[in-house]
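This report refers to the structure that appears directly beneath it.
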Amino acid sequence: MPDNELSLPARVVAIANQKGGVGKTTTVINLATSLALDGHRVLAVDVDPQGNLTSGLGLRGRRAEGGTVYEALLTDVPSDACLLATQVANLTLIPADRNLTGAEIELVSMPAREHRLRRLLEPLRDRFDLMLIDCPPSLGLLTLNALVAADAVLIPLHCEYFALEGLADLVGTLRRVRGGLNPTLDIEGVLLTMYDERTNLGQLVARDVREFFKEKVFNTIIPRNVRLGEAPSHGIPAVLYDAKSRGAAAYVALAKEMISRHAA
Ligand SMILES: Nc1ncnc2c1ncn2[C@@H]1O[C@H](COP(=O)(O)OP(=O)(O)OP(=O)(O)O)[C@@H](O)[C@H]1O
Ligand SMILES: [Mg+2]
């Protein structure tokens, strides 16, 4: 048991940005694995119909006893029937597959449609130290469910093109969620991803983001690193696939920074 253990019940963090390909899934996979390797009990939750978190953890097409997050959100299957063990000790997954595509529409007519994920995760809170939710690239009902279930949101920002474009929509959504569905939703932090220090653009974007989000920006920056891109095709988190790579080291550092922020 690590001496810097987070207090119970689990802290729930949604990794969200409606922009596609900014590193949401890569962050969930490698942050979750780093935290689990450090002894924290982590639940990774895939709420993206693309199922990239599930396949990146080597569990593509796998279902828990009660099915996937689709059944979990749309039926009354008990929460613990949706848990799937991963190859990493201390890391558990609620998987997703393509069926989830329909959920966005099917949820619309359900009672408490924005609270389905919260209801699913609530009974599991005392079994984990942290839950990380991988959101799809949209601000639809699935992301909304994640923001309602979460204590905080972690926003990955691609350090290259138009990083701040569209951010007003995300910030507006967070404000609306705080105004009603989840008044205590916090910003866990803003994470600069795919940073290429050789380009001026990367440095300029990083400066702009820090000006806008100030101390909310993590000190740890995730570099553009080929190992982070390769690892998912092997179904192995990069922090295990090549622990010495710069990308892996950055995610290990991010896990430490996140924990130390809460210990402070
Ligand atoms: N730091 C990085 N360096 C190099 N490649 C990366 C890095 N982070 C992510 N990638 C690769 O970039 C692509 C997009 O990353 P990822 O899937 O994590 O983004 P995402 O925000 O989850 O995308 P989506 O919005 O489609 O869910 C993936 O192929 C991933 O392997
Ligand atoms: Mg993704």
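Where a number appears in this text, it was derived from the coordinates with a stated rule and is not lab data. What you see is a predicted model; the values in this text were computed from it and never measured. Glycine also receives a Cβ, built like all others from the backbone with ideal geometry; neighbour counts cover every protein chain displayed.
As a footprinting exposure proxy, order Leu53, Leu185 by other Cβ within 10 Å, with the fewest listed first.
Leu185, Leu53
Given the options Ser109, Ser245, Ser138, which has the most mean-square fluctuation in a GNM of the chain, springs set between C-alpha atoms less than 10 angstrom apart?
Looking only at Ser109, Ser245, Ser138, the biggest GNM fluctuation is shown by Ser109.
In Å and from the alpha-carbon atoms only, list the Rg and Dmax of the stretch 112-239.
Cα only, the stretch 112-239: 16.2, 48 Å (Rg, Dmax).
What is the sum of charges around Pro232, taking Lys and Arg as +1, Asp and Glu as -1, for the other residues whose C-beta is under 14 Å from the C-beta of Pro232?
On the way: positive: Lys24, Arg60, Arg227; negative: Asp46, Asp48, Asp134, Glu230, Asp242.
Overall, the nearby charge balance is -2.
Within 10 Å, at most 11 other Cβ atoms, and a DSSP state outside H, G, I, E, B define an exposed site. Report the longest part of the chain free of exposed trypsin sites (Lys or Arg not before Pro).
Working: sites that count: Arg198, Lys244.
Segment 1-197 is the longest.
Using only the alpha carbons, work out the radius of gyration and Dmax of the stretch 37-87 in angstrom.
Cα radius of gyration and Dmax of the stretch 37-87 are 11.3, 34 Å respectively.
Using the number of other C-beta atoms within 10 angstrom as an exposure proxy, rank His262, His40 with the fewest first.
On the way: His262 13, His40 23.
Exposure proxy ranking, most exposed first: His262, His40.
Across every pair of different alpha-carbon atoms, what Kirkwood hydrodynamic radius in Å does the stretch 14-102 reach? Let's see the in-between values first.
Working: mean 1/r = 0.0762 Å⁻¹.
That comes to 13.1 Å for the stretch 14-102.
Direction-averaged shadow area of the convex hull around the Cα atoms of the stretch 193-264, nm²? It would help to have the intermediate numbers written out before the result.
On the way: hull surface 22.1 nm².
Mean projected area of the Cα convex hull: 5.5 nm².
Could you work out how far the C-alpha centroid of the stretch 8-36 sits from that of the stretch 104-175, in angstrom?
11 Å
Just to confirm the filter: which GluC sites (Glu not before Pro) across the stretch 57-129 are DSSP coil and have at most 12 other Cβ within 10 angstrom of their Cβ? Mind showing how you got there, number by number?
Numbers: sites: Glu65, Glu71, Glu104, Glu106, Glu114; in loops: Glu65.
Passing both the DSSP loop test and the Cβ count: Glu65.
Within the chain, which is the longest segment that contains none of the chymotrypsin sites (Phe, Trp or Tyr not before Pro) sitting in a DSSP loop with at most 10 other Cβ atoms within 10 Å?
For chymotrypsin sites (Phe, Trp or Tyr not before Pro) (loop position, at most 10 other Cβ atoms within 10 Å), the longest site-free span of the chain is 1-160.
Arg227 to Met110: FRET efficiency via 1/(1 + (r/R0)^6), r the Cβ-Cβ distance, R0 35 Å, to the nearest 0.05?
The calculated FRET efficiency here is 0.30.
With θ taken as phi - 60° and the coefficients 6.51, -1.76 and 1.60, list the Karplus ³J(HN,Hα) couplings across the stretch 100-106 in order, rounded to whole Hz; mark glycine and proline as x.
For the stretch 100-106, the Karplus curve yields 5, 3, x, 4, 3, 7, 5 Hz.
To one decimal place, what orientation-averaged projected area in nm² is obtained for the convex hull of the Cα set of the stretch 11-263? Intermediate values should be presented prior to the final figure.
Working: hull surface 49.3 nm².
For the stretch 11-263, the mean projected area of the Cα convex hull comes to 12.3 nm².
Restricting to bridges with both residues inside the chain, how much of the DSSP beta-bridge set is antiparallel, in percent to the nearest 5? Walk me through the numbers on the way to the answer.
Working: 3 of 29 bridges.
Around 10 percent of the beta bridges assigned by DSSP in the chain are antiparallel ones.
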